[in-house]
1. Out of the residues in region 8-27 that are touching a residue at least 40 places away in the same chain (Cβ under 8 Å) and loosely packed, with under 14 Cβ neighbours inside 10 Å, which is nearest to residue 174 (Cα to Cα)?
2. Based on this model, can you work out whether residue 167 counts as loosely packed, with under 15 Cβ neighbours inside 10 Å, under 24 Å from residue 33 (Cβ atoms) and modelled with pLDDT of 95 or more?
3. Going through 188, 193 one at a time, which residue ends up being within 18 Å of residue 75 (Cα to Cα), at pLDDT 95 or above and in a loop (DSSP other than H, G, I, E, B)?
4. Among the residues of region 66-107, which ones are under 17 Å from residue 184 (Cα atoms), surrounded by fewer than 21 Cβ atoms within 10 Å (Cβ to Cβ) and either among the polar types (S, T, N, Q) or within 12 Å of the chain's Cα centre (by Cα) (or both)?
5. Please tell me if residue 41 is surrounded by fewer than 14 Cβ atoms within 10 Å (Cβ to Cβ), over 28 Å from residue 174 (Cβ atoms) and modelled with pLDDT of 95 or more.
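The values are calculated or read from the model by the stated rules, or taken from the named source; none is laboratory data. In this text, all values refer to a predicted model and were calculated from it rather than measured experimentally. Cβ placement follows ideal geometry from the backbone for every residue including glycine, while neighbour counts extend to all protein chains displayed.
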Amino acid sequence: MLFNRCGVPLSHSSKFLKEAINIASQLSTEVLEKMANEIFELRKRKGRIFFLGIGGSAANASHAVNDFRKICGIECYSPSDNVSELTARANDDGWETIYSEWLKVSNLSEKDALFVLSVGGGNEKRNVSTNLISALKLGVERQACVFGIIGRDGGYVKNVADHILIIPNVNAEHVTPHAEAFQAVCWHCLVSHPKLKINETKW
């Protein structure tokens, strides 16, 4: 149990925010700068970014698509935004290939990038997030650049990513909320980067 200076146990809110401060202080600015440079080059070659996420990370992928398109002028998509195609593929062909087959239709190429937002990054042996893994295998095959903002130990994404930022795990009980929250912090850092930002935000 953590206590404040007066010896009173810290509230949940205090502990949670102290964890967030701890995470923020450990994030790799070097990785973020390398990501910004790579995305800058991608825009110059007119490549596209495909954001991939599951659950809360899928919502983050949708938000990131908006920001990179509107603020940075980069063509971006997230397969999970098309619920009709997503559910048709899951129903007809199975969960594992919902993203990889979508990417095939979009003609994923070496000019493009996959940007994975995930808490665990997928685990092939444990059969976790197999749709992300299948998409990543296609990305590697087609020589697309792979980015990842991932929690825990980086999972499968860590094995194949060109650029990966792992959100430090400071409390195992809060891995998911912190990982998903800091995905947003990190992509907002990127879209605000002077090399990438070409349009002003409203506020």
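1. 22
2. It is false that residue 167 is loosely packed, with under 15 Cβ neighbours inside 10 Å, under 24 Å from residue 33 (Cβ atoms) and modelled with pLDDT of 95 or more.
3. The match here is 193.
4. Answer for region 66-107, where residues must be under 17 Å from residue 184 (Cα atoms), surrounded by fewer than 21 Cβ atoms within 10 Å (Cβ to Cβ) and either among the polar types (S, T, N, Q) or within 12 Å of the chain's Cα centre (by Cα) (or both): just 66.
5. yes
To keep it simple, each residue is scored yes or no on (1) touching a residue at least 40 places away in the same chain (Cβ under 8 Å); (2) surrounded by fewer than 22 Cβ atoms within 10 Å (Cβ to Cβ); (3) farther than 23 Å from residue 102 by Cβ.
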position: 133; (1), (2), (3): no, no, no
position: 150; (1), (2), (3): no, no, no
position: 163; (1), (2), (3): yes, yes, no
position: 176; (1), (2), (3): yes, yes, yes
position: 180; (1), (2), (3): yes, yes, no
position: 183; (1), (2), (3): yes, no, no
position: 189; (1), (2), (3): yes, yes, yes
position: 203; (1), (2), (3): no, yes, yes
